[in-house]
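What follows draws every value from the coordinates through simple rules; no lab data is involved. What you see is a predicted model, and the numbers here were worked out from it, not measured in a lab. All Cβ positions, even for glycine, are placed from backbone atoms using ideal geometry, and neighbour counts span all protein chains on display.
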Amino acid sequence: MLWNKVSLRSSLQSLNSLLSSKNANPPKSAKADPRRIEQVRSVMRRALDEAGVAGFEHVAKRLEQAKDIEALWFLRADLMGALSTIQGETAARRAMAKVTPLFDGLLPASLNSRPSPLDGA
């Protein structure tokens, strides 16, 4: 039973350090600069327009209605789905590779993308 106490204490310490991390909050610049948010929205919309928005008007509408950078971040999955249906997964991944870096410095650390074994890296 001693290992349970040690494991629990270690887990609680890890959780505490994670919650007290400075990276847990989004940078203030993300809220202060709507131009960067509009730049991200524009690139996402352009990717959908170039692929052909027919059949995915709901994705285009959600892109236009997204109020903050976090909403746009979560819309990447919808955009990827639409692009892969229209153009195929390889072309969709290329398009998304242009979108994802635009979020650098705008999101909390917990929302940043992680390396994927599918990227071939």
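Can you put VAL99, VAL43 in order of Cβ neighbours within 10 angstrom, beginning with the fewest? Don't skip to the end; give the middle numbers.
Details: VAL99 20, VAL43 16.
Exposure proxy ranking, most exposed first: VAL43, VAL99.
Can you put ASP33, ASP78 in order of Cβ neighbours within 10 angstrom, beginning with the fewest?
If I rank by nearby Cβ atoms, fewest first, I get ASP33, ASP78.
Most exposed first by the Cβ proxy, i.e. fewest other Cβ within 10 Å, how do THR100, THR90 rank?
THR90, THR100
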